[in-house]
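In what follows, a structure is listed as structure tokens, so that the remarks can point back to it.
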Amino acid sequence: MNSIQEALVFTLAMGAVIFFCRAFPFLFFRNKKPAQGGSRGALDFIEKIVPPAVMTVLAFNSLGGAVKDPKGLPVFIAAAFTALVHLWKRNSLFSIFGGTAVFMVLERLF
């Protein structure tokens, strides 16, 4: 078992790594100017395609695990709630937080 000092060092080190991972794109792309004509090529592709692709993989991953679990009903209800709220409000942050809250409440109830 680790001592309190080791746990503190590990926590601070991981916090620094996470902070760097979050700050890296802003530090790397802060002085980049778009190319003439507005075409940035690969960066435009990444900005447009990668976020929906990652969200789709995550959604199928969470729903795939729920299919195998006999207590997977809260996952499906929360996913449906998230989709409906997003279609209604068109606000990703609101729908994700709302779906998470619904999942956590249903997980405690079932």
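The values are calculated or read from the model by the stated rules, or taken from the named source; none is laboratory data. The structure presented is a predicted model; accordingly, all values stated were derived computationally and were not measured. All Cβ positions, even for glycine, are placed from backbone atoms using ideal geometry, and neighbour counts span all protein chains on display.
Has segment 75-92 got at least one residue that is assigned to a helix (DSSP H, G or I), surrounded by fewer than 10 Cβ atoms within 10 Å (Cβ to Cβ) and modelled with pLDDT under 85? If you could, list the steps in order and put the result at the bottom.
Filtering segment 75-92 down to residues assigned to a helix (DSSP H, G or I) leaves 75-89, 92.
Then keep just the ones that are surrounded by fewer than 10 Cβ atoms within 10 Å (Cβ to Cβ); that gives 87.
If we keep only those that are modelled with pLDDT under 85 too, we end up with none.
For segment 75-92, residues assigned to a helix (DSSP H, G or I), surrounded by fewer than 10 Cβ atoms within 10 Å (Cβ to Cβ) and modelled with pLDDT under 85: absent.
Does Thr56 satisfy the condition of being farther than 30 Å from His86 by Cα, modelled with pLDDT of 85 or more and surrounded by 10 or more Cβ atoms within 10 Å (Cβ to Cβ)?
Details: farther than 30 Å from His86 by Cα: no; modelled with pLDDT of 85 or more: yes; surrounded by 10 or more Cβ atoms within 10 Å (Cβ to Cβ): yes.
Judged against the criteria, Thr56 is not a match.
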Members of segment 67-110 found to be in contact (Cβ under 8 Å) with a residue 12 or more places away in the chain and acidic (Asp, Glu), listed by number: Glu107
